[in-house]
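So the structure is just underneath, and the comments pick up after that.
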Amino acid sequence: MKTIAIALLCAVVVACAAAPAASSLPKLSVANGTTLTVGLVVNGQPVADVPPGGSESIPGSAALPPLPWTVELRTSSGNILASAFAGTGAAASGQSGRYDFDLSCGRLTIWTGEVPPEAPAATDSTGTPGDCAL
């Protein structure tokens, strides 16, 4: 019985050490330079809606699942406009990562960490006709 208790305790300690604590997760931000309201979805979980011309920053807290993240920006009907991946390497150590997506209806920017993009999201971006279809 004592051996089982020790084994369980070791498993808990290893599991806690392997996953970053919620407070150590990086901030996740989105700038929406499109004409659409976009839904921010992380690992299949809706996190926020970002209005046209708006931005959203989600602190690395209980609002976000553990890393790694598959981040998607979706239309109101669920079509994926942009997708990015944040792994356990640089993102977990708090380093910034940035992804820009130029669409026919504007630009979407996703970034992790504390450093915002150098410029606001453009509203006159080029893209492929129909890429912003609802």
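The values are calculated or read from the model by the stated rules, or taken from the named source; none is laboratory data. A quick note: this is a predicted structure, and the numbers were derived from the prediction, not measured. Using ideal geometry, Cβ is built from the backbone for each residue, glycine included, and neighbour counts are taken over all protein chains shown.
What the table shows:
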read-out: The lone exception for C105 - which of (1) in contact with a Cys (Cβ under 8 Å, 6 or more places away or on another chain); (2) over 23 Å from T128 (Cα atoms) it fails; value: (2)
read-out: Any hit, segment 84-94, residues being within 22 Å of A133 (Cα to Cα) and either modelled with pLDDT under 95 or surrounded by 14 or more Cβ atoms within 10 Å (Cβ to Cβ) (or both); value: yes
read-out: From G44, G60, residue being exposed (fewer than 14 other Cβ atoms within 10 Å of the Cβ) and either of a type outside the set (K, R) or within 24 Å of G127 (Cβ to Cβ) (or both); value: G44
read-out: Counted residues, segment 104-134 - those being over 25 Å from P68 (Cβ atoms) and either of a type outside the set (A, V, I, L, M, F, W, C) or modelled with pLDDT of 90 or more (or both); value: 14
read-out: Any hit, segment 64-77, residues being of a type outside the set (A, V, I, L, M, F, W, C), in contact (Cβ under 8 Å) with a residue 60 or more places away in the chain and part of a strand (DSSP E or B); value: no
read-out: Qualifying positions in segment 36-51 - in contact (Cβ under 8 Å) with a residue 24 or more places away in the chain, farther than 14 Å from A84 by Cβ and outside any strand (DSSP E or B); value: L36, T37, G44
